[in-house]
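K.L.:
Before I ask anything, let me first share the structure, which is written out below as structure tokens.
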């Protein structure tokens with residue numbers, strides 16, 4: 001969905017199509033921008049007990065964690081949408 005917004009699609013229109021909140025789609029776009037370096041990310045507060053290497057790793061791991069959460073949220077939304085569209089429930093769903 002992030003790529004659709006970047007290509008010019010309106011988040012509100014996508015929200016209606018994919019039965020998601022427009023703000024959620026906008027948040028995904030903003031988070032993707034931060035992860036990809038398109039928006040500034042605040043570094044973690046300086047911790048005197050961390051070396052520069054540890055601090056760099058912490059920044060990298062936090063960025064990776066944000067990316068994985070973003071992907072999980074998008075896939076969860078897409079899975080639910082496709083399940084509704086096709087009438088197929090994901091495994092583990094009771095359907096009631």
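Read the figures in this text as sums done on the coordinates, not as results from a lab. These numbers were taken from a predicted model, which means no experiment stands behind them.
K.L.:
Given contacts defined as C-alpha pairs under 8 Å and at least six residues apart, what's the relative contact order of region 2-79, whole-number percent?
P.N.:
RCO, region 2-79: 29 percent.
K.L.:
Enter the per residue convex hull volume of region 2-79, computed from alpha-carbon coordinates, in Å³ rounded to the nearest integer.
P.N.:
Taking only Cα atoms, region 2-79 has a hull volume of 92 Å³ per residue.
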